[in-house]
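S.K.: First the structure, which I've put down as structure tokens, then a few questions once you've had a look.
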Amino acid sequence: MTTIPISWYLAVAAALFTIGAVTVFVKRNAIVMLLGIEVMLNAANLTAVTFSSYFRELGGQILVFFVMVVAAAEAAVGLAIIVLLFRHRETLNVDEAQLLKL
Amino acid sequence: MESLGITYRVIGPELVLTVTGVLVMLLEAFSPGKKVRDGILAAAGVVLAGVAALALWDEGPVMAFSQMVIADGLRVFFTLVIVLGTLLTILVSWSFLDEERIPPGEYFALLLFGTVGMTLLVASNDLMMLFLALETITIATYVLAGYRREDLRSTESALKYFLLGAFSSAFLLYGIVLIYGATRTTNLAEMARIMSGPLEEAEIVLLMAGVAMLLIGFGFKVTTVPFHVWTPDVYEGAPTPVTAFLSTAPKAAGFAAFLRVFSLTFAPLGIESAADQLASHWVSAVTAMSILSMTFGNFVAIVQTNIKRMLAYSSIAHAGYVLIGVLARDWAAVAFYMLVYTLMNLGGFAIVALWARRGDKWVLIADYAGLGFRQPLLSFPLAIFLVSLAGFPGTAGFVAKFWLFKSAWGAGFQELVLIGVLNTVVSVYYYLYVVIVMFFREPKEEVPRIPLSRAFMTTMVVALVGVFYLGLLPTRVFAFLNAAQNLLAIGAR
């Protein structure tokens, strides 16, 4: 059985990261934007795990655990803010949040 | 204090702050609404953290927790700046909490947890630690920005801050991971060692990509153009005391981390090494960011009608000046600048917060018309802080800018210094415009008298004494910073 070269993992992660970033730029729904950010974080996680196993070094994998915790905390706060805005506005579209001019 | 090989002393300030934060939160749960008790407890915790930071001074540069945390001169000084910023923020929030009927316990607890993140960020000697500390700050401040829940502006600012903040964190993390891929470590000391030698071509590519991502992430956090878009909106929408906090303490912490990563770890060595290959690139990128921030910030600030937005753009411009210090790799000049900036900006925002009154309503520059001689205890300090922000001689703002520009000139960034000085001239226009409106414009309606609380007067005294002391007799602080610099020199490399 041939092993998959490391560059493939990195390419998948880079693609995921780009998809996440583009999602944040293109979509206007706050929850979908949050999803895009989560995809970006997980792309970084995948890269970290790839390097970690390639180097036979545990640092990268430990980083992933911390990132997962951070992502969960961030999602909790973020969803609370989104719910709050929904109560005011009855919409999740960030373009309608324009009281403060951009 | 050492057990299981863990040196708790090194994270003394963070331990104190965490314990105080948890205590304040618990007290609020069991007997809510006691502002004075919670506030004094929080302030005491912050002061104690400052003392704990000073106690690290005698240790010399030490690392602990598998070299994740470092105690050196840079950390001690920046921790003191952050402590000062948080302390003044507690004072600025004092009457605001009553007016807005905000539960004080959670507010102070969040402030303390944010401060823990900042002091940890300043102390982190590992990119992993740096990411965690940064997230601790941002998650606490997302909530603070949206603290006036019934106000749509506050909620919107929290949403924008959250989406862009989390977005930039993802870039920062990806950058960290790519750098890990290039150097096989996240530890900054180890990284500096590896980068002092040559790296393979593939590793250099990874490193460049990683550092670029890191720069984007940092750019967001310290509000530099072109990553500044969130700043004016968040600063305008957030409750004014929170804006005061956001524009000072987290920024100081962000610049400390910026210095540690770029000026100290990625510094060029003048030999054939990966660090030197990298340095030419990040130096030109940061130069561009600095010029853009100064110019854009100052010119857009001119056309603002809302004082909070004006100060937000001014804050972007100041970030541009500070980047010159980062390029000159003179951390002491940057540290002094952040100390001065914290004093004058918090002082200014204290007055803006008071004048905005309930619901943050009077925030237009036009609303300041006629304030001048009707309430001199508000108008004169505000004028002094604005003049200091503009960098007039005799105030701390001048000394800070002078030192920064002087060391950049010496380091060979003459063009940048010239642009900085020209920008300072531009900035005089919009700072003085507010002063002119205050003293020489007649108000449309009767100007109300605002009662001045003791907390407000304390803030004013601290900030004014600071601005004049550092402006006229800065030698003692300089000596302290020089000693701190020596302390760093022993630890670095």
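The values are calculated or read from the model by the stated rules, or taken from the named source; none is laboratory data. None of the values given here were measured: they were computed from a predicted structure. Heads up, the Cβs are rebuilt from the backbone with ideal geometry, glycines too, and the neighbour counts pull from every protein chain shown.
S.K.: Among the candidates A:48, A:11, A:72, A:15, single out the residue that is out of contact with any Cys (no Cβ under 8 Å at 6 or more places or on another chain), facing another protein chain (nearest Cβ under 9 Å) and among the small types (Gly, Ala, Ser).
M.R.: Numbers: A:11 fails: facing another protein chain (nearest Cβ under 9 Å); A:72 fails: facing another protein chain (nearest Cβ under 9 Å); A:15 fails: facing another protein chain (nearest Cβ under 9 Å).
Answer to the selection: A:48.
S.K.: Turning to a different aspect of this structure: Being touching a residue at least 12 places away in the same chain (Cβ under 8 Å) and touching a helix residue (DSSP H, G or I) at 6+ places or on another chain (Cβ under 6 Å) is the filter here, so list the residues in the stretch A:22-37 that pass it.
M.R.: A:23, A:24, A:28, A:30, A:33, A:34, A:36, A:37 - these are the residues of the stretch A:22-37 that are touching a residue at least 12 places away in the same chain (Cβ under 8 Å) and touching a helix residue (DSSP H, G or I) at 6+ places or on another chain (Cβ under 6 Å).
S.K.: Just for the stretch A:26-38: of the residues that are more than 9 Å from chain B (Cβ to nearest Cβ) and assigned to a helix (DSSP H, G or I), which one is nearest to residue A:95 (Cα to Cα)?
M.R.: Among those residues, the one meeting the criterion is A:26.
S.K.: Another question, if that's okay. Among the candidates B:116, B:122, B:143, which residue alone is modelled with pLDDT of 90 or more, closer than 22 Å to residue B:45 by Cβ and more than 16 Å from the chain's Cα centre (by Cα)?
M.R.: Only one candidate passes the filter, namely B:143.
S.K.: So how many residues does the stretch A:1-21 have that are part of a helix (DSSP H, G or I) and exposed (fewer than 13 other Cβ atoms within 10 Å of the Cβ)? If you could, list the steps in order and put the result at the bottom.
M.R.: Initial filter on the stretch A:1-21 (part of a helix (DSSP H, G or I)): A:6-21.
Next cut, exposed (fewer than 13 other Cβ atoms within 10 Å of the Cβ) only: A:7-8, A:11, A:15.
Residues in the stretch A:1-21 being part of a helix (DSSP H, G or I) and exposed (fewer than 13 other Cβ atoms within 10 Å of the Cβ): 4 in total.
S.K.: Here's a follow-up. Limited to the stretch B:407-447, what total is found for residues that are more than 26 Å from residue B:302 (Cα to Cα) and touching a residue at least 12 places away in the same chain (Cβ under 8 Å)?
M.R.: 5
Let's see how each residue does on (1) outside any helix (DSSP H, G or I); (2) at the interface with another protein chain (Cβ under 7 Å from one of its Cβ atoms); (3) of a type outside the set (A, V, I, L, M, F, W, C):
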| position | (1), (2), (3) |
| --- | --- |
| B:105 | no, no, yes |
| B:121 | no, no, no |
| B:128 | no, yes, no |
| B:148 | yes, no, yes |
| B:155 | no, yes, yes |
| B:169 | no, no, yes |
| B:179 | no, no, no |
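S.K.: Given the conditions (1) farther than 25 Å from residue B:312 by Cβ; (2) surrounded by 24 or more Cβ atoms within 10 Å (Cβ to Cβ), which single one is not true for residue B:277?
M.R.: (2)
S.K.: Let me ask something else about it. Go through (1) in contact (Cβ under 8 Å) with a residue 60 or more places away in the chain; (2) in contact with a Ser or Thr (Cβ under 9 Å, 6 or more places away or on another chain) one by one and return the number of the condition residue B:124 breaks.
M.R.: Single failed check for residue B:124: (2).
S.K.: Considering the stretch B:289-320 alone, what residues qualify as being among the hydroxyl-bearing types (Ser, Thr, Tyr), part of a helix (DSSP H, G or I) and over 20 Å from residue B:335 (Cα atoms)?
M.R.: To start, the set of residues in the stretch B:289-320 that are among the hydroxyl-bearing types (Ser, Thr, Tyr) comprises B:290, B:293, B:295, B:305, B:313-315.
Retained after the next criterion (residues that are part of a helix (DSSP H, G or I)): B:290, B:293, B:295, B:313-315.
Scanning the stretch B:289-320 gives B:295, B:313.
S.K.: Can you work out which of the residues in the stretch B:217-232 that are crowded, with 18+ Cβ neighbours inside 10 Å and aliphatic (A, V, I, L, M) is farthest from residue B:251 (Cα to Cα)?
M.R.: The extreme case among them is B:225.
S.K.: Something else now. Restricting attention to the stretch B:431-489, report how many residues are aromatic (Phe, Trp, Tyr) and under 30 Å from residue B:61 (Cβ atoms).
M.R.: Quick first cut of the stretch B:431-489, residues aromatic (Phe, Trp, Tyr) only: B:431, B:433, B:439-440, B:456, B:468-469, B:478, B:480.
If we keep only those that are under 30 Å from residue B:61 (Cβ atoms) too, we end up with B:469, B:478, B:480.
Selection size over the stretch B:431-489: 3.
S.K.: Separate question: Looking only at residues that are small (Gly, Ala, Ser) and within 17 Å of residue B:267 (Cβ to Cβ) in the stretch B:183-216, which one is surrounded by the fewest Cβ atoms within 10 Å (Cβ to Cβ)? If you could, list the steps in order and put the result at the bottom.
M.R.: Within the stretch B:183-216, the first condition is being small (Gly, Ala, Ser), and the residues that meet it are B:189, B:192, B:196-197, B:202, B:209-210, B:212.
Checking which are within 17 Å of residue B:267 (Cβ to Cβ) leaves us with B:189, B:192, B:196-197, B:210.
Values: B:189: 17, B:192: 18, B:196: 15, B:197: 11, B:210: 23.
If we take residues in the stretch B:183-216 being small (Gly, Ala, Ser) and within 17 Å of residue B:267 (Cβ to Cβ), then B:197 is surrounded by the fewest Cβ atoms within 10 Å (Cβ to Cβ).
S.K.: Quick one: residue B:17 ticks every box in (1) in a helix (DSSP H, G or I); (2) modelled with pLDDT under 90; (3) out of contact with any strand residue (DSSP E or B) (no Cβ under 6 Å at 6 or more places or on another chain) except a single one, so which number is it?
M.R.: (2)
Listed here are the residues, each with its yes/no results for (1) surrounded by 22 or more Cβ atoms within 10 Å (Cβ to Cβ); (2) outside any loop (DSSP other than H, G, I, E, B).
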| position | (1), (2) |
| --- | --- |
| B:33 | no, no |
| B:40 | no, yes |
| B:44 | no, yes |
| B:47 | no, yes |
| B:51 | no, yes |
| B:54 | no, yes |
| B:88 | yes, yes |
| B:102 | no, no |
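S.K.: Return the only residue of B:182, B:166 being closer than 28 Å to residue B:46 by Cα and in contact with an Asp or Glu (Cβ under 6 Å, 6 or more places away or on another chain).
M.R.: B:166
S.K.: Sticking with this one: Based on this model, can you work out whether residue A:75 counts as touching a residue at least 12 places away in the same chain (Cβ under 8 Å), buried (at least 19 other Cβ atoms within 10 Å of the Cβ) and either part of a helix (DSSP H, G or I) or within 13 Å of the chain's Cα centre (by Cα) (or both)?
M.R.: No, not satisfied.
S.K.: Moving on. Give the residues of the stretch B:250-274 that are in contact with a helix residue (DSSP H, G or I) (Cβ under 6 Å, 6 or more places away or on another chain) and of a type in the set (Lys, Arg), sorted by residue number.
M.R.: Selection gives nothing.
S.K.: Go through (1) in contact with an Asp or Glu (Cβ under 8 Å, 6 or more places away or on another chain); (2) more than 9 Å from every other protein chain (Cβ to nearest Cβ); (3) among the β-branched types (Val, Ile, Thr) one by one and return the number of the condition residue B:205 breaks.
M.R.: The single condition residue B:205 does not satisfy is (1).
S.K.: Among the residues of the stretch A:53-69, how many are within 8 Å of chain B (Cβ to nearest Cβ) and assigned to a helix (DSSP H, G or I)?
M.R.: Number satisfying all stated conditions: 7.
Residues are listed down the side, and each one gets a yes or a no for (1) closer than 28 Å to residue B:290 by Cβ; (2) at pLDDT 90 or above:
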position: B:160; (1), (2): yes, yes
position: B:171; (1), (2): yes, yes
position: B:175; (1), (2): yes, yes
position: B:181; (1), (2): no, yes
position: B:198; (1), (2): no, no
